[in-house]
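Have a look at the structure below, then the notes.
The values are calculated or read from the model by the stated rules, or taken from the named source; none is laboratory data. Predicted model, so just to flag it, every value in this text is computed and none were measured. Virtual Cβ from ideal backbone geometry, glycine too; neighbours counted across all protein chains shown.
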Amino acid sequence: MASVPSLASTLQQQLADALTAALPDAGTADPLLRRSDRADFQANGILALAKKLKGNPRELASQVTAALPAGELIKDIEVSGPGFLNITLTDRAIVETLAARAADGDRLGVPLKAAPGTTVVDYAQPNVAKEMHVGHLRSAVIGDAVVQILEFTGESVVRRHHIGDWGTQFGMLIQYLFEHPDELKHEGDKADGEAAMSSLNRVYKASRVLFDSDEEFKARSRDRVVALQAGDPETLAHWQRFVDESKIYFYSVFDKLDMEIDDPDIVGESGYNDMLEETCRILEETGVAVRSEGALCVFFDDVKGPDGNPVPLIVKKTNGGYGYAATDLSAIRDRVQNLKAETLLYVVDARQSLHFKMVFETARRAGWLNEDVTAHQLAFGTVLGKDGKPFKTREGTTVRLEDLLDEAVERATAVVREKAEKVGLSEEEIVENGRYVGVGAVKYADLSTSAVRDYKFDLDQMVSLNGDTSVYLQYAYARIRSILRKAGDAKPAAHPELDLAPAERALGLHLDQFGAVLEEVAEGYEPHKLAAYLYQLASHLTTFYDQCQVLSDENPAEVVENRLFLVELTARTLHQGMKLLGIRTPERL
Ligand code: ARG
């Protein structure tokens with residue numbers, strides 16, 4: 001395994017050294033290197049530096065040029081305009097770097113982080129006895145991509161699925177189950193998530209009706225909450241049945257999403273019950289939380305209600321109950337003190353931002369978070385329908401996640417089927433690819449816009465073959481695989497001695513950026529930048545096909561091999577990038 005520095009970073013370093021050589025007193029100066037249309041790169045940093053030192057920028061630019069080492073990296077460098085440097089690299093440098101990437105297996109030359117730490121990612125956190133909705137979809141999809149990306153950089157990642165499995169709402173459900181013990185059984189397959197959910201729904205509705213109409217049932221339900229909190233074994237056993245049944249359902253949805261979720265990583269709200277009392281005690285003893293109207297509260301100068309009065313974070317209610325905040329604060333203690341995390345990441349709806357702002361600030365005051373141990377909410381926006389309003393069914397109810405995924409797969413299968421005959425796909429392959437294309441479409445649509453933005457859920461657009469969609473990328477991959485199959489005896493091989501066509505250079509320079517892009521994506525938790533990179537990669541590939549034939553009898557053997565080498569590396573980069581986004585790349589499409 002050998003990491004490969006990008007051409008841009010090597011060039012950046014050479015320019016910085018040349019700057020220092022030309023101006024020994026300037027300290028470290030940034031040459032401000034950018035990709036450019038004029039040449040391969042443009043360095044704009046000399047202008048500002050010359051101004052600062054009251055020198056002549058064009059003169060300084062020439063000095064820097066002279067101080068650059070002779071070597072095989074730079075083909076051409078010219079001073080342009082008021083003092084920019086336009087730099088063109090040699091074709092040899094491009095092909096040799098790519099060859100080094102190609103020799104590095106799945107890592108493609110991408111370096112591991114110099115100082116990896118531990119990050120806990122809180123994502124995919126549905127609620128027990130409730131349907132999963134599109135918000136849970138976003139958390140799962142974005143969280144899964146972020147986990148994969150961070151792991152690829154070498155970070156240790158602990159996954160935490162903070163499911164909603166505790167609270168007063170369970171009193172009514174459990175009481176109902178005590179009185180109707182056979183109700184939570186569904187017909188058929190134990191692994192049938194939909195049946196599990198429909199039986200949960202049935203119990204939920206029936207108990208709700210009783211709760212709202214029967215005062216005595218209501219009272220029994222309240223007592224049941226007390227028994228649950230006191231840890232009464234029989235009550236807990238009934239509670240566990242709801243959790244287990246819900247998990248059957250959750251797993252069926254995660255499975256549809258082609259996403260691996262491991263049971264030990266599901267640590268729901270109830271997992272922190274033993275810590276709640278202590279958390280509150282510490283907060284009260286340290287003065288972080290104070291009693292206010294019987295409740296234990298934390299106040300913030302900048303959090304006020306519409307009436308101008310402060311809105312506190314309530315860690316313990318007047319009736320002695322603990323809520324969402326006490327649980328999250330305890331989870332922070334667990335993640336920092338027991339899991340030894342330096343970074344806590346929460347992939348949660350932007351509508352919970354105030355909650356996390358208050359929880360994080362409280363944890364900082366308590367000393368659980370500090371400069372070295374930080375927490376971030378990766379807040380995501382709302383999923384909207386085609387009409388731009390929050391996503392609902394025609395009847396105005398929330399859309400069931402399973403239905404939505406099923407529909408995506410159905411549409412995608414139709415798209416796959418259209419071309420299936422030409423490609424020679426079997427029925428089995430059509431079904432499998434339809435699934436990967438459909439689920440990929442949903443994931444990609446979610447991941448290709450910045451998370452905080454709301455996004456429109458538009459299946460027609462998502463499975464379109466043209467434009468910024470996963471299908472477009474999947475076709476790009478499959479097309480390369482098909483070329484490689486057709487190549488017969490010709491094998492991909494790098495030929496640094498060849499001159500490259502403009503489209504080959506553009507593709508090559510883009511391939512070389514993979515590591516740098518991933519670093520930025522991991523740094524800012526921004527999978528949409530990876531999606532954008534991959535889309536550009538596929539676009540470069542399209543231009544390359546337009547301008548360069550790969551398998552043509554007119555090409556000398558080296559050109560064929562070199563082009564096969566370029567497209568194969570492109571395929572591997574597409575595959576790895578898509579994999580990090582949780583999206584499959586079928587071999588034939
Ligand atoms: N279960 C919550 C919901 O459905 C999300 C939990 C987010 N994570 C957390 N640590 N509070 O809205």
Picking from VAL559, VAL550, the residue that is at pLDDT 95 or above, part of a helix (DSSP H, G or I) and surrounded by 19 or more Cβ atoms within 10 Å (Cβ to Cβ) would be VAL559
Whether any residue in segment 251-262 is in contact with a strand residue (DSSP E or B) (Cβ under 9 Å, 6 or more places away or on another chain), under 30 Å from GLU407 (Cβ atoms) and part of a helix (DSSP H, G or I) is what I want to check. no
Would you check if there is a residue in segment 402-420 being part of a helix (DSSP H, G or I) and within 16 Å of the ligand (Cβ to nearest atom)? no
Just to verify a result, which residue in segment 143-164, among those that are outside any helix (DSSP H, G or I) and of a type in the set (D, E, K, R), is surrounded by the most Cβ atoms within 10 Å (Cβ to Cβ)? ARG160
Looking at this structure, is ALA195 under 25 Å from THR327 (Cβ atoms), under 40 Å from the mean Cα position of the chain (by Cα) and not basic (Lys, Arg)? no
Got a sec? Which of GLU215, GLU260, GLU269 is modelled with pLDDT of 95 or more and within 16 Å of the ligand (Cβ to nearest atom)? GLU269
Restricting attention to segment 20-62, report how many residues are within 39 Å of the chain's Cα centre (by Cα), crowded, with 19+ Cβ neighbours inside 10 Å and over 17 Å from GLU78 (Cβ atoms). 2
Scan (1) in contact (Cβ under 8 Å) with a residue 40 or more places away in the chain; (2) within 16 Å of the ligand (Cβ to nearest atom) for the single condition VAL147 breaks and write down its number. (1)
Residues that are under 28 Å from VAL226 (Cβ atoms) and either within 14 Å of the ligand (Cβ to nearest atom) or out of contact with any Lys or Arg (no Cβ under 9 Å at 6 or more places or on another chain) (or both): which strands (runs of 3 or more DSSP E) entirely in segment 279-377 hold 2 or more of them? 290-292, 313-316
Can you tell me how many residues within segment 178-196 are at pLDDT 90 or above and within 13 Å of VAL128 (Cβ to Cβ)? 1
In segment 117-129, what count of residues is obtained for those that are under 19 Å from PHE380 (Cβ atoms) and either more than 11 Å from the ligand (Cβ to nearest atom) or assigned to a loop (DSSP other than H, G, I, E, B) (or both)? 5
Please verify whether segment 234-251 includes one or more residues that are within 30 Å of ILE583 (Cβ to Cβ), surrounded by fewer than 21 Cβ atoms within 10 Å (Cβ to Cβ) and touching a helix residue (DSSP H, G or I) at 6+ places or on another chain (Cβ under 7 Å). yes
Quick check on segment 153-172. Is at least one of its residues more than 20 Å from GLU269 (Cα to Cα) and within 14 Å of the ligand (Cβ to nearest atom)? no
Those residues of segment 289-329 which are hydroxyl-bearing (Ser, Thr, Tyr) and surrounded by fewer than 19 Cβ atoms within 10 Å (Cβ to Cβ), in sequence order: SER292, THR318, TYR324
Mind listing whichever residues of segment 10-19 are under 35 Å from the mean Cα position of the chain (by Cα) and either within 18 Å of ALA48 (Cβ to Cβ) or surrounded by 15 or more Cβ atoms within 10 Å (Cβ to Cβ) (or both)? THR10, LEU11, GLN12, GLN14, LEU15, ALA16
Among the residues of segment 130-144, what is the count of those that are within 18 Å of ILE248 (Cα to Cα), within 17 Å of the chain's Cα centre (by Cα) and more than 9 Å from the ligand (Cβ to nearest atom)? 2
Which listed residue is β-branched (Val, Ile, Thr), surrounded by fewer than 22 Cβ atoms within 10 Å (Cβ to Cβ) and away from the ligand (no atom under 16 Å from the Cβ), from ILE87, ILE74, ILE94: ILE74
Can you work out which of the residues in segment 343-373 that are in contact with a strand residue (DSSP E or B) (Cβ under 6 Å, 6 or more places away or on another chain) and more than 27 Å from LYS443 (Cβ to Cβ) is surrounded by the most Cβ atoms within 10 Å (Cβ to Cβ)? THR362
Scan segment 498-514 and give yes if some residue there is crowded, with 19+ Cβ neighbours inside 10 Å, closer than 30 Å to PHE254 by Cβ and in the same structural domain as ALA451 (by TED's automatic domain parsing), otherwise no. yes
Take segment 261-304 and flag every residue that is touching a Pro at 6+ places or on another chain (Cβ under 9 Å), farther than 20 Å from PHE360 by Cβ and not hydroxyl-bearing (Ser, Thr, Tyr). ALA295
Need the failing condition index for ARG394 against (1) within 23 Å of ALA140 (Cβ to Cβ); (2) more than 15 Å from the ligand (Cβ to nearest atom); (3) not aromatic (Phe, Trp, Tyr), just the number. (1)
Taking ARG101 and the conditions (1) more than 12 Å from the ligand (Cβ to nearest atom); (2) crowded, with 21+ Cβ neighbours inside 10 Å; (3) at positive phi, which numbered condition does it fall short on, given that it satisfies the others? (3)
For the structure I just gave you, tell me whether GLN63 is on the phi < 0 side of the Ramachandran plot, touching a Phe, Trp or Tyr at 6+ places or on another chain (Cβ under 6 Å) and not assigned by TED's automatic domain parsing to the domain that holds PHE514. no
